[in-house]
Amino acid sequence: MSGAVDLSALKAKAEAAAAPPAPTGAGGVPVVVTVTEPDFEAEVLVRSNQVPVIVNLLSPRSPGSLQLTRTLEALAAEGNGTWILANVDVDVSPRIAQAFGVQAVPTLVAVAAGQPLADLQGPQPEENLRQWLTAIAQAVEGKLTGPVGEAGPAPEPEDPRFDAAENALAEGDLARAEAAFQAIVDAEPQNKQALNGVRQVRFLARTQALPDDVLERADADPADVDLGLQAADALLYQQRTEESFARLVDLVRRTAGDDRARVRARLLELFELFDAADPVVVAARRKLASALY
């Protein structure tokens, strides 16, 4: 069917043009959205960091789905952006239904902060829906950022001392950026933002001097500790974090004395570039402990 016109796409565009505009809440943000697999992350997971997103898994072939959807859309308009209704046609996007483990439609799933919070199955009277939505609102109170456009606390003023470091980074002057971050650390040794800046700039500076073939050279000479350290930096720069950590853990196992101390110190230094609770870091710390003891 080469060159055939996609009539279904044309029909969808025509229907969208004829449909009434979606109700909006604070800031003019739509409170009812139609979600498919490509935009699921943006429309559901990301938005749920602001307000709860009620995922309505429906089928146009189900009368119960259609009635529930009409009721929910009216309630969403009434909610004025305090929650978002995300309608998902399971016939069009079956993988979304599979991800939620849905067995029948209609099914509602409340998502907050990117995670499923509660579900409700089957057609529901309006009073039940109101009670369920109230319970969702109470469960997330104070835990989300709030509707777009809603007035919140005034942002903290930016620290002008970081401007010099950030400007130097933007210009690619890593030495000047490190000096600017270090000046803040010298004045405030516990300033986490400045400490992280120093660590990141030092790491970036090391990667600038790495030879293009460092991974191949390190693989060819696994006993060379310097090449091993450089290879770990190269992998981390390429965002191959687990491989970077694994290479250094393996190098710890194969070295002793001063060489082992150097490798361990480098691995701990790389850990500090991440959140200590990052699962990849936690797993690598366990493997390091096993390699050492």
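Structural remarks
- Distant-in-sequence amide H partners of residue 117 (H built 1.01 Å from N, under 5 Å): 110, 111, 112
- Of all accessible heavy-atom area on the chain, the percent that carbon and sulfur account for (1.4 Å): 53
- About the Cα centre, charge dipole magnitude for the chain (Lys/Arg +1, Asp/Glu -1 at Cβ), debye: 760
- Calculated FRET efficiency, residue 268 to residue 74, Cβ-Cβ distance, R0 = 45 Å: about 0.20 to the nearest 0.05.
- Convex hull volume of the stretch 166-293 per residue (C-alpha atoms, cubic angstrom): 118
- When the charge dipole of the chain is built from unit charges on Cβ atoms (+1 for Lys and Arg, -1 for Asp and Glu) and taken about the Cα centre, the candidate among 165, 96, 45 whose Cα reaches farthest toward its positive end is 96.
- Quotient of Cα Rg and 2.2 N^0.38 Å for the stretch 64-202, N being how many residues it contains: 1.67
- Using the alpha-carbon positions of the chain, Rg (one decimal) and Dmax (whole number) come out as 26.6, 75 Å.
- Neighbourhood net charge (11 Å Cβ-Cβ; Lys/Arg +1, Asp/Glu -1) for residue 215: -3
- Charge context of residue 126, other residues only, Cβ under 13 angstrom, K/R +1, D/E -1: -1
- Based on alpha carbons, the Rg and Dmax found for the stretch 200-253 are 10.4, 29 Å.
- ³J(HN,Hα) computed for each position of the stretch 52-57 - Karplus, 6.51 cos²θ - 1.76 cosθ + 1.60, integer Hz, glycine/proline x: x, 10, 9, 7, 9, 8
- Across the stretch 199-205, rounded Karplus estimates of 3J(HN,Hα) from the backbone phi angles (6.51 cos²θ - 1.76 cosθ + 1.60, θ = phi - 60°) give 4, 5, 5, 4, 5, 4, 4 Hz, Gly and Pro being marked x.
- In this structure the stretch 68-141 gives 51 Å² per residue of accessible area when probed at 1.4 Å with all protein chains present.
- Solvent-accessible area of residue 287, all protein chains in place: 120 Å² (probe radius 1.4 Å, heavy atoms, ligands and nucleic acids excluded).
- Every Cα-Cα pair in the stretch 174-226 was counted, and those over 15 Å apart are 57% of them.
- Estimated inter-spin distance, residue 206 and residue 67, nm [label 7 Å along Cα→Cβ]: 6.5
- Order by protection proxy (mean Cβ within 10 Å, highest first), peptides 47-59, 207-219, 262-274: 47-59, 262-274, 207-219
- For residue 85, residues with placed amide H under 5 Å, excluding near neighbours: 32, 33, 54
The values are calculated or read from the model by the stated rules, or taken from the named source; none is laboratory data. Just so you know, these numbers come straight off a predicted model, no measurement behind them. Positions of Cβ are generated from backbone atoms using ideal geometry, with glycine treated the same way; all protein chains shown enter the neighbour counts. Note: areas computed on protein heavy atoms with side chains; ligands, DNA, RNA excluded. Shrake-Rupley method; radii C 1.70, N 1.55, O 1.52, S 1.80 Å.
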